[in-house]
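The values are calculated or read from the model by the stated rules, or taken from the named source; none is laboratory data. This one's a predicted model, so the numbers in the text were calculated from it and none came from an experiment. All Cβ positions, glycine included, derive from the backbone under ideal geometry; neighbour counts span all protein chains shown.
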């Protein structure tokens, strides 16, 4: 690094805060803009894969994240119609001791927010960024006018970013999410993300999601697949209609469903797919879902954002003009982004769609084949984020 840069980051989500922490630690003047008066997380539980955990280790946060999260050794899904296991991915098929971490989004946010502030990043709240000038390095704020100029402006505003001109494809399905206490006695595997399916039209899932803070009780994230155009109907109907359907699909979840007494307890997430090319132009660089948004079917969103943040910091550290930094950033991440955008597009309709053929093939052909070598380690590599060797491109290793 030959000089100190002034860097503006729009969006205090996982990617924006991680980038802020990395860059401020390098000695740059970093300002993170967030539209809320008090920056906070949006969403429920998420999966930290080995890729994301290695990046958190670079910030000294891996052990704390693991202490708050719950280890997940297996992804397991069963067809409610046939009783067959149609998804069975075991992390250990790739490497002994490998696992994902189910964790509350708020826990990850708190760790990264603390790290960004401690590193010297300034968090500027109440700023709704609506535009960026890639040439001058400025942000436009809906209420306060312009911010900058900055040497680099980073778009970490997510899939709905107004700074991205790429078209967004709304996927037919999304999900309802709720964070609930882990039951003291119940049929759920505390080391697995479990799902139940009816074809690809209905899906319910239970994921261990750790503790909100040290000393808190263990939690889980319950999710229910729903068509985006059916959400208004869900909101208008008595909650008991949905409860009956949820219990019928997976009777064992009645103890969870019974805790939900109001529509407001279920947060709706509409899934979108978008890839912004070019990922950088002038002084403007897109990061996380602002660059590559996809369905969370493979559990990669937060991990991809963390990889982006580390790649950006590595590129800034090497130095050069904005175009040089952007080119190195894209070189480190482009192939992995393309691979996982492709794989997510392929996998999502198999588990969330109105198709009759895809779930039939899934249950009768794909599921049995997936148990034959070399499918188990390949699937483990896919869900752990290792496919495409993204850490190697950053000069990092998954070995602790």
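A few notes on this one:
- Neighbours by Cβ (under 6 Å, 6+ apart or cross-chain): first from region 81-98, on the phi > 0 side of the Ramachandran plot and part of a helix (DSSP H, G or I); second surrounded by 19 or more Cβ atoms within 10 Å (Cβ to Cβ) and modelled with pLDDT of 95 or more: none
- Candidates 157, 112 - the one that is buried (at least 19 other Cβ atoms within 10 Å of the Cβ), in contact (Cβ under 8 Å) with a residue 24 or more places away in the chain and within 27 Å of residue 214 (Cα to Cα): 112
- Selected residue [outside any helix (DSSP H, G or I), more than 30 Å from residue 196 (Cβ to Cβ) and at pLDDT 95 or above] from 320, 388: 388
- Search result, residues across region 212-236 that are modelled with pLDDT of 95 or more and in contact with a helix residue (DSSP H, G or I) (Cβ under 7 Å, 6 or more places away or on another chain): 222, 224, 226, 234, 235
- Scanning region 69-80 for residues being modelled with pLDDT of 95 or more, surrounded by fewer than 22 Cβ atoms within 10 Å (Cβ to Cβ) and not in a strand (DSSP E or B) gives a total of 1.
- When the residues of region 360-385 are filtered to those that are in a loop (DSSP other than H, G, I, E, B) and touching a residue at least 40 places away in the same chain (Cβ under 8 Å), the one that is nearest to the chain's Cα centre (by Cα) is 385.
- For beta carbons closer than 6 Å, sequence separation of 6+ or different chains, a first residue in region 300-315 that is without any contact (Cβ under 8 Å) to a residue 12 or more places away in the chain and a second that is surrounded by fewer than 24 Cβ atoms within 10 Å (Cβ to Cβ), there are no qualifying pairs.
- Tally of residues being farther than 11 Å from residue 222 by Cα and either in contact with a strand residue (DSSP E or B) (Cβ under 8 Å, 6 or more places away or on another chain) or without any contact (Cβ under 8 Å) to a residue 60 or more places away in the chain (or both) across region 247-257: 6
- The condition of being within 18 Å of residue 16 (Cα to Cα) and in a helix (DSSP H, G or I) holds for residue 289.
- Hits in region 243-277 - residues which are touching a helix residue (DSSP H, G or I) at 6+ places or on another chain (Cβ under 6 Å) and under 30 Å from residue 158 (Cβ atoms): 246, 257, 263, 268, 270, 275
- Of the residues making up region 329-338, not a single one is farther than 19 Å from residue 288 by Cα and either touching a residue at least 60 places away in the same chain (Cβ under 8 Å) or in contact with a strand residue (DSSP E or B) (Cβ under 9 Å, 6 or more places away or on another chain) (or both).
- Pairs where the first residue, in region 17-42, is on the phi > 0 side of the Ramachandran plot and the second is modelled with pLDDT under 95, C-beta under 8 Å, 6+ apart: 27/1
- Restricting the first member to region 175-191 and to residues that are within 13 Å of residue 254 (Cβ to Cβ), and the second to residues that are part of a loop (DSSP other than H, G, I, E, B), the beta-carbon pairs closer than 6 Å and six or more apart or on different chains are 180/259.
The rows are residues; the columns are (1) closer than 19 Å to residue 104 by Cα; (2) at pLDDT 95 or above; (3) more than 21 Å from the chain's Cα centre (by Cα).
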| residue | (1), (2), (3) |
| --- | --- |
| 143 | no, no, yes |
| 148 | no, yes, yes |
| 173 | no, yes, no |
| 195 | yes, yes, no |
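- Flag if residue 139 is outside any strand (DSSP E or B) and in contact (Cβ under 8 Å) with a residue 24 or more places away in the chain: no
- Residue 49 vs. criteria surrounded by 23 or more Cβ atoms within 10 Å (Cβ to Cβ) and either closer than 21 Å to residue 12 by Cβ or under 16 Å from the mean Cα position of the chain (by Cα) (or both): yes
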